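Peer 1: Sending over a structure as structure tokens; questions will come in a sec.
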Amino acid sequence: MIKRIMLMGMKSKLFLTMLVLGCCTAVHAQNEVFTATLTHGDQVSVFIGTNAFVQAHEAAADGDVITLSSGTFAPTTVTKSVTVYGAGYEKNAELGIDVTLINGNLSIGVVETTLSNIHIEGVKVNGDIRVLEGSDVEGLIVKRCYLTKGFGHYGNSKNTLIQECILTSGFFNGGTAQTPVAENMSIRNCYIAGNVDCFGTSSTLVVENSLVTGYAGGYLWKNCILTYRWIGAYYDRGAFEGGSGTTGATVVNCIIVILYGSAAKENNVFTDCYVGADYLFNDSPGSRDYSYSATRTFELRQDDWLGTDGTEVGMHGGSGWSKVPSIPVVKSLDLNVEGSDLKVTYEAEVR
């Protein structure tokens, strides 16, 4: 089912986004209807049901915005330069957020084609987000999302930003014949329960203010917390000692639970790091618990563990960590039609 709303005499795309979000929220709250709203210029189309996201994407053109209500949606493959906003990845009445769940893997890319400027924010993906094998993606932004199976990097990427996300299985490349390259990828303020070491040797990555529980690859690491520790019969193993060992990493102002092997120290550069730190967080005093939950804050128990920018090492430093999607919220809305114009009085706030 599709409902088209024509707005005459309107020029503000920001207002359209706020109007759409307010309408979708109201519909869902009253009728428990899942909606995907497609904004194309001054035209708004509303799709209803679990396949609404699929239908909105099919109808979209490059540059369009798809706004998803809370609820569960079937997945699709993103093959267009679109922006996708959800209601959030965790229900929290105090923060005013709900859950938009994409129930399956969310694939991105077109084989033998470069796809640019995709933005995905405020969704929980029951699976992974993956760049498809044989495709090239440029300018991808994944922000404030929860990925239950991590991020699959099967194709090449350029200028990618992964920010304020929860990845419960880290990054992986799926064993493709040629290891994909990530050129100028930035990972900021994320919780990553897994490895970040799967990218090709010519990849250029910066990982900042993130908590990583698995192996760390040969990239630039700044103000991160690296918790991996494997205790064997004769030795311990840390984040830079997986497989044949990490080489070429530059590690600055990071908290490293263990840095044991001499090879890790010789093959990588460590500057001003806090090595051997333990019992890190206020919300788990006296515990080596690094698991994620909706109630955890991950605030450090020592206020002198600071990064290069003077802020706290870990997820709260740098640009900070928030679960709230950064789209405007309509607080009040009054509509009146005068001739061919739609007169609007509204109050909105940007979260």
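The values are calculated or read from the model by the stated rules, or taken from the named source; none is laboratory data. Note that the coordinates shown come from a computational prediction; the quantities given were computed from them, not determined experimentally. Methodologically, a virtual Cβ is constructed for each residue, glycine included, from the backbone with ideal geometry; neighbour enumeration extends over all protein chains shown. Surface areas here come from the heavy atoms of the whole protein model, side chains and all, with no ligands, DNA or RNA. Shrake-Rupley method; radii C 1.70, N 1.55, O 1.52, S 1.80 Å.
Peer 1: Sort through GLY200, GLY218 and tell me the only one that's among the small types (Gly, Ala, Ser), part of a loop (DSSP other than H, G, I, E, B), in contact (Cβ under 8 Å) with a residue 24 or more places away in the chain and surrounded by fewer than 20 Cβ atoms within 10 Å (Cβ to Cβ).
Peer 2: Working: GLY200 fails: in contact (Cβ under 8 Å) with a residue 24 or more places away in the chain.
Every option except GLY218 fails the conditions.
Peer 1: Could you list, in sequence order, all residues of the range 230-241 that are surrounded by 18 or more Cβ atoms within 10 Å (Cβ to Cβ) and either within 15 Å of VAL196 (Cα to Cα) or without any contact (Cβ under 8 Å) to a residue 24 or more places away in the chain (or both)? Explain how you work it out, then say what you get.
Peer 2: We begin by selecting, within the range 230-241, every residue surrounded by 18 or more Cβ atoms within 10 Å (Cβ to Cβ); these are 237-241.
Result: GLY238, ALA239, PHE240, GLU241.
Peer 1: Considering only residues that are of a type in the set (Ser, Thr, Tyr) and farther than 29 Å from SER287 by Cβ, which ones fall in the range 242-270? So that I can check it myself, show each step before the final result.
Peer 2: Initial filter on the range 242-270 (of a type in the set (Ser, Thr, Tyr)): 244, 246-247, 250, 260, 262.
Within the range 242-270, SER244, THR247, THR250, SER262 qualify.
Yes or no, residue by residue, for (1) outside any strand (DSSP E or B); (2) modelled with pLDDT under 95; (3) open to solvent by less than 10 Å² (accessible area, probe 1.4 Å):
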{"position": "MET18", "(1), (2), (3)": "yes, yes, no"}
{"position": "CYS23", "(1), (2), (3)": "yes, yes, no"}
{"position": "VAL33", "(1), (2), (3)": "yes, yes, no"}
{"position": "THR37", "(1), (2), (3)": "no, yes, yes"}
{"position": "GLN55", "(1), (2), (3)": "yes, no, no"}
{"position": "LEU95", "(1), (2), (3)": "yes, yes, no"}
{"position": "GLY104", "(1), (2), (3)": "yes, no, no"}
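Peer 1: Scan the range 109-130 residue by residue and report those that are within 14 Å of the chain's Cα centre (by Cα) and either part of a strand (DSSP E or B) or surrounded by fewer than 16 Cβ atoms within 10 Å (Cβ to Cβ) (or both).
Peer 2: Taking the range 109-130 as the starting set, the residues that turn out to be within 14 Å of the chain's Cα centre (by Cα) are 118-130.
Selection gives HIS119, ILE120, GLU121, LYS124, VAL125, ILE129, ARG130.
Peer 1: Residue by residue through the range 131-145, note down the ones that are surrounded by 22 or more Cβ atoms within 10 Å (Cβ to Cβ) and touching a residue at least 40 places away in the same chain (Cβ under 8 Å).
Peer 2: Within the range 131-145, VAL131, ARG144, CYS145 meet the criteria.
Peer 1: Let me ask another. Just to be sure I understand the filter: pairs with C-beta atoms under 6 Å, separated by 6 or more residues or on different chains, first member in the range 151-172 and buried (at least 24 other Cβ atoms within 10 Å of the Cβ), second member acidic (Asp, Glu) and modelled with pLDDT of 95 or more. Which pairs pass?
Peer 2: From residues that are buried (at least 24 other Cβ atoms within 10 Å of the Cβ), the pairs are GLY152/ASP128.
Peer 1: Still on this structure: Scan the range 242-275 residue by residue and report those that are without any contact (Cβ under 8 Å) to a residue 24 or more places away in the chain, closer than 20 Å to GLY194 by Cα and either of a type in the set (Lys, Arg) or surrounded by fewer than 12 Cβ atoms within 10 Å (Cβ to Cβ) (or both).
Peer 2: Passing the criteria: only SER244.
Peer 1: So, in the range 206-215, exactly how many residues are part of a strand (DSSP E or B) and surrounded by 22 or more Cβ atoms within 10 Å (Cβ to Cβ)?
Peer 2: Let us first name the residues in the range 206-215 that are part of a strand (DSSP E or B), namely 206-208, 211-212.
After this cut, where a residue has to be surrounded by 22 or more Cβ atoms within 10 Å (Cβ to Cβ) as well, the list is 207-208, 211-212.
Total meeting the criteria: 4.
Peer 1: Hey, does the range 191-200 have a residue that's among the hydroxyl-bearing types (Ser, Thr, Tyr) and under 16 Å from SER319 (Cβ atoms)?
Peer 2: Taking every residue of the range 191-200 in turn, at least one turns out to be among the hydroxyl-bearing types (Ser, Thr, Tyr) and under 16 Å from SER319 (Cβ atoms).
Peer 1: Any idea which residue in the range 228-254 is nearest to ASN268 (Cα to Cα), counting only those that are at pLDDT 95 or above and among the β-branched types (Val, Ile, Thr)?
Peer 2: Filtering the range 228-254 for residues that are at pLDDT 95 or above and among the β-branched types (Val, Ile, Thr), the one nearest to ASN268 (Cα to Cα) comes out as THR250.
Peer 1: Might you let me know whether the range 186-197 holds any residue that is open to solvent by less than 30 Å² (accessible area, probe 1.4 Å), over 22 Å from TYR85 (Cβ atoms), in contact with a strand residue (DSSP E or B) (Cβ under 6 Å, 6 or more places away or on another chain) and in a strand (DSSP E or B)?
Peer 2: yes
Peer 1: Say we look at the range 61-82 and pick out the residues that are small (Gly, Ala, Ser), touching a helix residue (DSSP H, G or I) at 6+ places or on another chain (Cβ under 7 Å) and outside any strand (DSSP E or B); which of these is surrounded by the most Cβ atoms within 10 Å (Cβ to Cβ)? Full working, then the answer.
Peer 2: Looking only at the range 61-82, we keep the residues that are small (Gly, Ala, Ser), and these are 61, 63, 69-71, 74, 81.
Narrowing the set further to residues that are touching a helix residue (DSSP H, G or I) at 6+ places or on another chain (Cβ under 7 Å) leaves 69-71, 74.
Checking which are outside any strand (DSSP E or B) leaves us with 69-70, 74.
On the way: SER69: 26, SER70: 21, ALA74: 14.
It comes out as SER69.
Peer 1: Would you check which residues across the range 297-315 are at negative phi, crowded, with 16+ Cβ neighbours inside 10 Å and not aromatic (Phe, Trp, Tyr) and list them?
Peer 2: Filtering the range 297-315 for residues at negative phi gives 297, 299-309, 311-313, 315.
Checking the rest, the ones that are also crowded, with 16+ Cβ neighbours inside 10 Å come to 300, 305-307, 312-313, 315.
Correct list: LEU300, LEU306, GLY307, GLU312, VAL313, MET315.
Peer 1: Something else now. Of the conditions (1) at pLDDT 70 or above; (2) in a strand (DSSP E or B), LEU342 fails just one. Which one is it?
Peer 2: (1)
Peer 1: Given the criteria closer than 30 Å to ALA93 by Cα and in contact with a strand residue (DSSP E or B) (Cβ under 8 Å, 6 or more places away or on another chain), does SER210 qualify? Break it down stepwise before answering.
Peer 2: Details: closer than 30 Å to ALA93 by Cα: yes; in contact with a strand residue (DSSP E or B) (Cβ under 8 Å, 6 or more places away or on another chain): yes.
So SER210 fits the description; yes.
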